[in-house]
Amino acid sequence: MFSVVKLGVERKPDAALLIVAHGSTVNPDSSAPTLAHAAEIRRRKIFGHVGCAFWKEEPSLRDAIFLFDPEGIREVYVVPNFISEGYFTQTVVPRELELNGCITNRANGQVWTYCEPVGNHPAMTELLLKRAGEVAPGVDPAESSLLIVAHGTDLNENSAVAAKREAEKIRAVGKYADVLNVYMEEAPLVSDWRKLTKTRHVVVVPFFISDGLHSYEDIPILLGIKERRLPSRRKQPDGRLGSRPSLKEIFRRNPYNIDGRCLFYAPSIGTDPGFAEIILEQAAHAKS
């Protein structure tokens with residue numbers, strides 16, 4: 001689907017790729033997509049080392065500074081696995097990794113390059129269209145509405161802007177009868193989808209990096225396809241709570257028939273395997 005020209009052809013055995021993400025202390029599914037994308041990139045053997053670091057999980061962002069041996073790794077490309085630029089990409093990650101801007105020269109001789117977040121990549125539009133088509137196969141987009149769901153609120157202002165941007169780009173393609181950016185906590189609200197849409201078929205794609213409480217429970221409740229009921233979870237040996245496999249059934253029960261409408265609900269966009277390609281391209285096109 002994509003082409004990674006610079007790094008795909010030129011192997012960089014003396015360089016490392018560091019994928020940074022939010023993570024979670026209570027939801028193992030939060031880091032799962034990031035780890036999966038790293039495994040796929042590692043399989044391609046483009047870099048001498050591929051690692052991950054998280055704000056709320058191990059390995060931590062601060063520990064990642066010492067993750068790569070300067071004797072063998074001379075360059076490190078840092079790609080934020082975040083939907084949008086904001087507090088975490090502009091403040092937390094640079095602070096924790098001690099980055100001085102796009103390029104940071106370490107005392108040990110390593111050069112760290114800070115790349116743009118994955119959500120800024122132009123292929124995000126294509127991935128959203130792909131995911132919408134996958135969740136509603138055989139449904140004519142020209143007779144369907146597509147909803148891109150973000151969090152909203154002033155605390156996450158940039159994610160709302162990113163969702164609006166993608167909705168505008170997809171709307172310009174002219175494939176769907178209607179394309180709306182909707183939010184959990186600000187207007188237009190995802191809970192008002194019945195009023196906002198007029199088509200019989202409605203496709204909903206969460207604009208999040210990973211599946212978690214928002215995509216498993218909050219959004220489904222707002223859509224009216226799930227009641228608020230959390231299955232119990234057992235603690236793992238490391239003390240964290242295990243995942244709820246049954247919650248993934250929320251994505252497998254499509255379509256949902258509500259008031260004579262057919263609603264299709266997709267997993268979060270960040271779980272798409274195509275993100276591995278986007279991560280590589282963000283590294284390839286980093287400012288130098």
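Quick notes on this structure:
- Relative contact order of segment 16-155, defined on C-alpha pairs under 8 angstrom at six or more residues apart (%): 22
- For segment 204-220, the Karplus equation 6.51 cos²θ - 1.76 cosθ + 1.60, evaluated at θ = phi - 60°, returns couplings of 10, 10, x, 8, 10, 6, 9, 8, x, 4, 5, 7, 7, 10, 4, 5, x Hz by residue, with Gly and Pro reported as x.
- Principal-axis tilt of helix 275-284 within the chain, Cα atoms, nearest 10 degrees: 40
- Principal-axis tilt of helix 157-173 within the chain, Cα atoms, nearest 10 degrees: 70
- Among the trypsin sites (Lys or Arg not before Pro) found in segment 163-224, those both in a DSSP coil and sparsely packed, with 11 or fewer other Cβ atoms within 10 Å of their Cβ, are 198.
- Share of carbon and sulfur in the accessible heavy-atom surface of segment 97-179 [1.4 Å probe, %]: 51
- 1.4 Å probe accessible area per residue over the chain, in Å²: 47
- Estimated dipole of the chain in Debye, rounded to 20 [Cβ of Lys and Arg +1, of Asp and Glu -1, Cα centre]: 660
- Scanning residues 5 or more positions from residue 60 or on other chains, those with amide H under 5 Å from its amide H are 54, with H placed 1.01 Å from N in the peptide plane.
- Shape analysis of segment 78-182 yields a ratio of the Cα radius of gyration to the Kirkwood radius, Rg/Rh, of 1.12.
- Note that segment 108-118 has calculated 3J(HN,Hα) couplings of 7, x, 6, 10, 9, 10, 9, 9, 6, x, 4 Hz, one per residue in order, obtained from phi through the Karplus relation 6.51 cos²θ - 1.76 cosθ + 1.60 (θ = phi - 60°); glycine and proline are x.
- Relative to the longest principal axis of the Cα atoms of the chain, the long axis of helix 32-44 makes an angle of roughly 50 degrees.
- Check: segment 62-218 dipole with +1 on Lys, Arg Cβ and -1 on Asp, Glu Cβ, in debye: 520
- Full-extension gain in nm, residue 195 to residue 143, via 0.36 nm per residue minus C-alpha separation: 17.1 nm
- Distance between the 7 Å Cα→Cβ label points at residue 100 and residue 164: 3.7 nm.
- Shown is the FRET efficiency for residue 39 and residue 187, computed with R0 = 45 Å from the Cβ-Cβ distance and rounded to the nearest 0.05: 0.70.
- Choice from 256, 265, 216 with maximal GNM fluctuation in the chain (Cα, 10 Å cutoff): 256
- Largest GNM mean-square fluctuation among 135, 203, 173, using the chain with Cα springs under 10 Å: 173.
- Qualifying GluC sites (Glu not before Pro) in segment 52-149, where qualification requires a DSSP coil assignment and no more than 14 other C-beta atoms within 10 Å, comprise 71, 98.
- Per residue of the chain, the DSSP helices (runs of n ≥ 4 H) give a summed -39500 (n - 2.57) that works out to -7000 deg cm²/dmol at 222 nm.
- On the principal axes of its alpha carbon atoms, the chain extends 64, 45, 35 Å, with the longest extent given first.
- Per-pair calculated FRET efficiency, R0 = 51 Å: residue 171 and residue 14 via Cβ, rounded to 0.05: 0.70
- Nonlocal amide H pairs with residue 77, under 5 Å, H built at 1.01 Å: 16, 17, 18, 113
- Label point distance in nm, residue 25-residue 252, each placed 7 Å from Cα along Cα→Cβ: 3.2
- Among 257, 181, 108, residue whose mean-square fluctuation peaks in a GNM of the chain (springs only between Cα atoms under 10 Å): 108
- Around the amide H of residue 179, modelled in the peptide plane, lie the amide H atoms of 146, all under 5 Å away and 5 or more residues distant in sequence or on another chain.
- Phi-based couplings in Hz for segment 15-30 (Karplus 6.51, -1.76, 1.60; Gly and Pro marked x): 10, 10, 10, 10, 9, 10, 8, 6, x, 7, 8, 10, 10, x, 5, 5
The values are calculated or read from the model by the stated rules, or taken from the named source; none is laboratory data. If you're wondering where the values come from, they're calculated on a predicted model, not measured in any experiment. FYI the Cβ positions are ideal-geometry reconstructions off the backbone, even for glycines, and counts take in every protein chain you see. These accessible areas exclude ligands, DNA and RNA; they are computed on the full protein's heavy atoms, side chains included. Shrake-Rupley method; radii C 1.70, N 1.55, O 1.52, S 1.80 Å.
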